[in-house]
Amino acid sequence: MRFHSLAILAGLLAPSAAFTTTQVFTSQVRSIPSSLQSTVESPTFTSDGAKQQVGNNAFLNKDLMSRAQNGPGIKNEESLKIGIVGAGLAGMVAAMDLADAGHDVEMFEVRPFVGGKVSSWKDKEGNHIEMGLHVFFGCYYNLFGIMKRTGGFDENLRIKEHVHTFVNEGGKLGALDFRFPVGAPVSGLQAFARTEQLDVGDKFHNAVRLGTSPIVRALVDFDGGMDMVRDLDDISFTEWFTQLGGSRGSLDRMWDAIAYALGFLDSDSISARAMLTIFMLFAIRTEASVLRMLEGSPQTGLHDPIIKYLEDRNVKINLSTPCRDIVHDLDEDGKPTRVKGIKIGANEEYKEFDVVIAACDVPGIKKVLPESFRKVDFFDKIYKLDTVPIATVQVRFDGWVTEMQDEARMMDISGDQSDGRGAGIDNLLYSVDTEFSCFADLALTSPGDYYKEGEGSLIQAVFDERAFKRSNEQLVEDCIKQLNNIFPSSRKLKCTWSSVVKLGQSLYREKPGQDRFRPTQATPIPNFFLAGSYTFQDYLDSMEGATRSGLMVADEVISRADGPNGLKQQAGKNRETAAKPFFVA
């Protein structure tokens, strides 16, 4: 879930303390990854807004929140007719900015609801169903800006204690407790030093390895540290961690759970760059590891305010309307040169657009791109991105699963226990002794839509590919059994309802060597753009990554809309050429 249960480690560094965080915050150097330098020079990014989301300074730029909150701040002279394929978070964010810039936007979504990988909906009995467990970290500056813009931030997010708790077999707890009078990196150092999750030997080996990591360099030279991290995409986290002293015990008892929460892969399989990128941010920003969760479901707390914002600006959202084909021109070599429109729905209705944005996930973009696009290396690289399967299990009980101290309180579901008043742990939880590395009791963490009077816990847990092929019934049984293993007292409780949602292709597989295949939002086709959390932005495949990509693609379209060679003029010339009669002498 990286959408997002990652939580570590604001500073877990060795005792190297001759630094101040103000040195880091003044860095103004933007470093573009070498894998993108040729495209940037040619020129892929033309807008200042997109450039601000790229490079080392993007990690430290809190001003991104105000940019997302205030909108593009530009009204184009020319109004483009824009079609957006996909109504996930990236597509909706792009539509917000483009509508504010004066464009005519229409969206097409294959599902009967918006949200993409952050989707939720109600079943026939009124239960809210989700595709995953969604956690908001304090470094989601762009997403928070969008929520402030739509009026959903203060009302719809619940802040949690600055503690990340591990639940082990037999109910033994371990924690990374970041509550400390001094912020990052000191708060992370003490959290790591005091954690019960590792024994003394593993703590020592962690200190040795992390003390030689790019994170330490970044505390005095952020750009140098980040450049080192970017160069670690070709090896796994385990390879990096064990090179200079990291222990297998640390991987087994802590880092694997974090890796699974980040990208549904273990430490042996996930890129070192992916892990260290997040640790870098958490080490420098105290608020980065603070957790928030929605008051209720994603549809209620995140998507509905965005939908209202879009509808108020005349953006049309077509649900259950898949894109069947992208209509385009070809050059003499059979390569695409310009997109003319799209065919949508069961009847393949043709719609003409000045600009088309494919705001899809990885499996979605592979399905929607015409075969001719693969003749262009830019698009062909996308097919080298793999994905991971997940299964989200929701299980409701007749008591409070995570309450282990007071049996009477655990069994008490009488009266109104809404607004998080139920018993147990009101936070995201991790475990290395279950197949779901992170989980939460939504009746406590997000009670607005998930608490039901007279009912107890609603545990939501996400299984990765280790369990994906099992039947729904088996997954529910396994989930309950594993919950009983880490919460022994919960064996006295009964399951009253369950749900399983499987995604055969979820996040892109963040294994070593994949970052180079992530495409930029602007493409070699002048009026065709990409958005989605898998596309390039200086974050990972997450809600924040999706938001960043949506803002970036909007900025790119807005920057290219006007002028004699702008997108509007190009569209007009193309229509004029197509309309001219053809005479044969």
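The values are calculated or read from the model by the stated rules, or taken from the named source; none is laboratory data. Remember, predicted model here, so these are calculated numbers, not experimental data. Cβ coordinates were reconstructed from backbone atoms using ideal geometry, including for glycine residues, and neighbour counts include every protein chain displayed. Just so you know, the surface numbers come from the protein's heavy atoms only, side chains and all, with ligands and any DNA or RNA stripped out. Shrake-Rupley method; radii C 1.70, N 1.55, O 1.52, S 1.80 Å.
A compact table of results
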{"item": "Those residues of the range 419-429 which are under 21 Å from the mean Cα position of the chain (by Cα) and either in a loop (DSSP other than H, G, I, E, B) or modelled with pLDDT under 95 (or both), in sequence order", "result": "ASN427, LEU428"}
{"item": "Scan of the range 110-126 for residues that are open to solvent by less than 10 Å² (accessible area, probe 1.4 Å), of a type outside the set (Gly, Ala, Ser) and assigned to a loop (DSSP other than H, G, I, E, B), ordered by number", "result": "VAL114"}
{"item": "Of all residues making up the range 77-88, the number that are in a loop (DSSP other than H, G, I, E, B) and surrounded by fewer than 22 Cβ atoms within 10 Å (Cβ to Cβ)", "result": "3"}
{"item": "Given (1) among the hydroxyl-bearing types (Ser, Thr, Tyr); (2) in contact with a helix residue (DSSP H, G or I) (Cβ under 9 Å, 6 or more places away or on another chain); (3) closer than 26 Å to PHE536 by Cα, number of the condition THR300 does not satisfy", "result": "(3)"}
{"item": "Residue check for PHE378: more than 30 Å from GLY422 (Cα to Cα) and of a type in the set (Phe, Trp, Tyr)", "result": "yes"}
{"item": "Test: residue in the range 142-152 that is open to solvent by 10 Å² or more (accessible area, probe 1.4 Å), touching a residue at least 60 places away in the same chain (Cβ under 8 Å) and not charged (D, E, K, R)", "result": "yes"}
{"item": "Residues of the range 389-418 satisfying the condition of being of a type in the set (Ser, Thr, Tyr), open to solvent by less than 10 Å² (accessible area, probe 1.4 Å) and assigned to a loop (DSSP other than H, G, I, E, B)", "result": "THR402"}
{"item": "In the range 182-202, residue surrounded by the most Cβ atoms within 10 Å (Cβ to Cβ) [restricted to those that are touching a residue at least 24 places away in the same chain (Cβ under 8 Å) and part of a helix (DSSP H, G or I)]", "result": "GLY188"}
{"item": "Selection within the range 526-538 - surrounded by fewer than 24 Cβ atoms within 10 Å (Cβ to Cβ) and either touching a Ser or Thr at 6+ places or on another chain (Cβ under 7 Å) or aromatic (Phe, Trp, Tyr) (or both)", "result": "PHE528"}
{"item": "Residue list for the range 457-480, restricted to those being open to solvent by 50 Å² or more (accessible area, probe 1.4 Å) and in contact with a Pro (Cβ under 6 Å, 6 or more places away or on another chain)", "result": "GLU465"}
{"item": "Yes/no for LEU483 being open to solvent by less than 10 Å² (accessible area, probe 1.4 Å), more than 30 Å from ASP377 (Cβ to Cβ) and out of contact with any Gly (no Cβ under 8 Å at 6 or more places or on another chain)", "result": "yes"}
{"item": "Residue match in the range 204-214 (condition: at pLDDT below 85, surrounded by fewer than 21 Cβ atoms within 10 Å (Cβ to Cβ) and of a type in the set (Gly, Ala, Ser))", "result": "yes"}
{"item": "Residue that is most open to solvent (accessible area, probe 1.4 Å), among those in the range 486-505 that are of a type in the set (Gly, Ala, Ser) and touching a Gly at 6+ places or on another chain (Cβ under 8 Å)", "result": "SER489"}
{"item": "Number of positions in the range 49-76 that are open to solvent by 10 Å² or more (accessible area, probe 1.4 Å) and of a type in the set (Gly, Ala, Ser)", "result": "3"}
{"item": "Complete set of residues in the range 223-249 that are under 25 Å from the mean Cα position of the chain (by Cα) and modelled with pLDDT under 85", "result": "none"}
{"item": "Top-ranked residue of the range 433-455 - restricted to ones that are more than 22 Å from the chain's Cα centre (by Cα) and closer than 24 Å to ALA259 by Cα, ranked as least open to solvent (accessible area, probe 1.4 Å)", "result": "THR434"}
{"item": "Residue among ASP202, ASP234, ASP223 that alone is among the acidic types (Asp, Glu), farther than 24 Å from VAL163 by Cβ and in contact with a helix residue (DSSP H, G or I) (Cβ under 7 Å, 6 or more places away or on another chain)", "result": "ASP223"}
{"item": "Any hit, the range 448-462, residues being under 24 Å from ALA274 (Cα atoms) and outside any loop (DSSP other than H, G, I, E, B)", "result": "yes"}
{"item": "Cβ-Cβ under 6 Å pairs, at least 6 apart or on other chains, the range 471-494 side under 16 Å from GLN394 (Cβ atoms) and part of a helix (DSSP H, G or I), far side open to solvent by 40 Å² or more (accessible area, probe 1.4 Å) and among the polar types (S, T, N, Q)", "result": "VAL476/SER498"}
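Quick grid of which residues meet (1) in a strand (DSSP E or B); (2) open to solvent by 30 Å² or more (accessible area, probe 1.4 Å):
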residue: GLN299; (1), (2): no, yes
residue: GLU311; (1), (2): no, yes
residue: THR321; (1), (2): no, no
residue: ILE326; (1), (2): yes, no
residue: GLU332; (1), (2): no, yes
residue: THR337; (1), (2): yes, yes
residue: ASN347; (1), (2): no, yes
residue: ILE357; (1), (2): yes, no
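Yes or no, residue by residue, for (1) outside any helix (DSSP H, G or I); (2) open to solvent by less than 10 Å² (accessible area, probe 1.4 Å); (3) at pLDDT 90 or above:
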residue: ASP541; (1), (2), (3): yes, yes, no
residue: GLU544; (1), (2), (3): no, yes, yes
residue: GLY572; (1), (2), (3): no, no, no
residue: ALA578; (1), (2), (3): no, no, no
